[in-house]
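The values are calculated or read from the model by the stated rules, or taken from the named source; none is laboratory data. These numbers were taken from a predicted model, which means no experiment stands behind them. Every residue, glycine as well, gets a Cβ built from its backbone with ideal geometry; the counts of neighbours run over all protein chains shown. Only protein heavy atoms, including side chains, enter the accessible area calculation; ligands, DNA and RNA are left aside. Shrake-Rupley method; radii C 1.70, N 1.55, O 1.52, S 1.80 Å.
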Amino acid sequence: MALLTFDKENRDRIKGVESSFRPKGTSLSKPGRILMGEGHLMKQGRRKPEMKAFFLFNDVLMYGSIILNGRCHKKQQIIPLEDIQLEDMEDGEMFKNQWLIRTPVKSFFVAAPSLEEKRAWMEHIERCRSDLLQGSSTQSGSAFAVSWIPDHASYKCMRCLNKFSPTNRRYHCRKCGFLVCNSCSKHRAVIEHIHLSKRLRVCKLCHTSIKEEAEERARLRGGSTETHSSEELRADFVSSSDEEEVAEELQFITPSRWLDSQVSTWGRTGSYVYLKSTQP
């Protein structure tokens, strides 16, 4: 009876998260998927930090922009846990309780409202990822995207050193993350761990490096250019990874909530119930 009650509650929670996105995003209903936790984190955007709603499942991490005072969300992003690598970061002048989330497509900084919440998020993500990799044949990703340097970090091109202006705009090299001008980033190249076919903006230096790497791979393969098909979730993540997300300012932050895996119930708002391993 308790298991049936939990299964229904879990399905209802997942359906509620799914229906909160406008327009409707990727379906979240999947056999064996469990909603482990949810909360608000500050994500470092290209121009400024933005509050996002994060949802941790036992196989993916999802986030989106917050609208209508938290009642709805938009711009759904789903990242497979096997594609995630976490790196703890020291506090900065503006960002406290922060860490880096690396993925093959895009890497970014997030910050929690307290050190306790930061530790809870990092521990829950690491535990879910570890259980996922141990319990299946899923392999961990090996190539991760660099984190972009924020626009305000440099007033001049980091390649030619010419100053940025209204007519000399900032761009990001998708390979190194540097801020560069248009003249230094006219090249386009495929970066396979980000997208297997889409040609992305890269700086002169990275273009040369990518060209040399491609020539070396072709030589070792005897000229073969065969590639593997991308995974569905990764393709979904790529499709909108370059969009600039603008979220409404929140008047308060709702504390994160976590699933108590021992009794299969959700903790009270603001409580932290750390996951216990189900492995023997």
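Structure data summary
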{"read-out": "Within segment 48-93, tally of residues that are in contact with a strand residue (DSSP E or B) (Cβ under 9 Å, 6 or more places away or on another chain), open to solvent by 10 Å² or more (accessible area, probe 1.4 Å) and polar (S, T, N, Q)", "value": "3"}
{"read-out": "Close pairs from segment 45-70: first under 25 Å from SER130 (Cβ atoms) and aromatic (Phe, Trp, Tyr), partner open to solvent by 10 Å² or more (accessible area, probe 1.4 Å) and assigned to a loop (DSSP other than H, G, I, E, B), Cβ under 6 Å, at least 6 apart", "value": "PHE57/ARG33"}
{"read-out": "Residue ID - surrounded by the most Cβ atoms within 10 Å (Cβ to Cβ), chosen from residues in segment 1-35 that are in contact with a Ser or Thr (Cβ under 8 Å, 6 or more places away or on another chain) and closer than 15 Å to PHE54 by Cα", "value": "ILE14"}
{"read-out": "Hits in segment 43-80 - residues which are assigned to a strand (DSSP E or B) and charged (D, E, K, R)", "value": "LYS43, GLU50, LYS52, LYS74, LYS75"}
{"read-out": "Every pair of residues 6+ apart whose Cβ atoms lie under 6 Å, when the first sits in segment 188-211 and is assigned to a helix (DSSP H, G or I) while the second is open to solvent by 50 Å² or more (accessible area, probe 1.4 Å) and not aliphatic (A, V, I, L, M)", "value": "CYS206/LYS175; HIS207/HIS187"}
{"read-out": "Within segment 81-126, strands (runs of 3 or more DSSP E) holding 1 or more residues that are more than 19 Å from GLY39 (Cα to Cα)", "value": "85-88, 98-102"}
{"read-out": "Test: residue in segment 91-104 that is over 23 Å from THR26 (Cα atoms) and among the acidic types (Asp, Glu)", "value": "yes"}
{"read-out": "Subset tally (residues that are open to solvent by less than 80 Å² (accessible area, probe 1.4 Å) and in contact (Cβ under 8 Å) with a residue 40 or more places away in the chain) for segment 159-176", "value": "1"}
{"read-out": "Filter result for LYS198 (closer than 21 Å to ILE78 by Cα, modelled with pLDDT of 80 or more, open to solvent by 50 Å² or more (accessible area, probe 1.4 Å) and out of contact with any Asp or Glu (no Cβ under 7 Å at 6 or more places or on another chain))", "value": "yes"}
{"read-out": "Restricting segment 97-118 to residues that are among the aromatic types (Phe, Trp, Tyr) and under 18 Å from LYS48 (Cβ atoms), the residue that is surrounded by the most Cβ atoms within 10 Å (Cβ to Cβ)", "value": "PHE109"}
{"read-out": "Those residues of segment 8-42 which are in a helix (DSSP H, G or I) and either of a type outside the set (D, E, K, R) or in contact with a helix residue (DSSP H, G or I) (Cβ under 9 Å, 6 or more places away or on another chain) (or both), in sequence order", "value": "ASN10, ILE14, GLY16, VAL17, SER19"}
